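Below you'll find the structure I mean.
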Amino acid sequence: MVDLRRAIEMEKAARLIWEEAWKWFEAGKTTAEQLPIWSANWMKAQLKLVKAKSDIITAYQDHLIRMQTMKEVTDRRFDAGATSEQQHQIGIYYVLEAEIWLEEAKAGAVGAAEAGAGQSTPAKDGGDAGKERSADGGVKK
């Protein structure tokens, strides 16, 4: 059973961290690395507070929108020569990940998003089913 008080505090903390990180990123004072982590943490906290499928889908959609917005900024900066290829690829990667998570949520699949960005996730492929994956996608022993 979810401790509602803690879940509400988690959601608030993750949202505030995301908002602060976004301000610094938007102002060009930090890079994109922290944004996907805190967006996913915010989404995970929201998921602890909802039960209706429509609310679950909304949490995943909101995460995707945040990642798309981050990617738009990294794309503009990269095109202007103001950021690295790494930052550009971070935007691409995390939008693709958020799209997959949303598709899985719509299909009712339990999967990657529950572990969140940068953390271990359940493997979904044949020979590695049931094994955990590390953040880089490798199978943990």
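Where a number appears in this text, it was derived from the coordinates with a stated rule and is not lab data. Fair warning: this is a prediction, and the values are worked out from it, not measured in the lab. Counting neighbours? That spans all protein chains shown, and the Cβs are built from the backbone with ideal geometry, glycine included.
Quickly rank 61-71, 96-106, 4-14 as a protection proxy: mean count of other C-beta atoms within 10 Å, highest first.
Values: 61-71: 19.5, 96-106: 17.7, 4-14: 14.4.
Taking the mean over residues of other Cβ atoms within 10 Å, the ranking is 61-71, 96-106, 4-14.
Cβ neighbours within 10 Å, averaged per peptide: list 22-30, 83-91 in order, most packed at the top. Write down the numbers at each step before the final one.
Values: 22-30: 12.8, 83-91: 16.2.
Going by the mean number of other Cβ atoms within 10 Å, highest first, we get 83-91, 22-30.
Also, I was wondering about something else. For segment 4-114, what number of Lys pairs, 8 or more residues apart or on separate chains, have alpha-carbon atoms under 14 Å from each other?
On the way: Lys12/Lys44; Lys12/Lys48; Lys51/Lys106; Lys53/Lys106.
Close lysine pairs under the 14 Å cut-off: 4.
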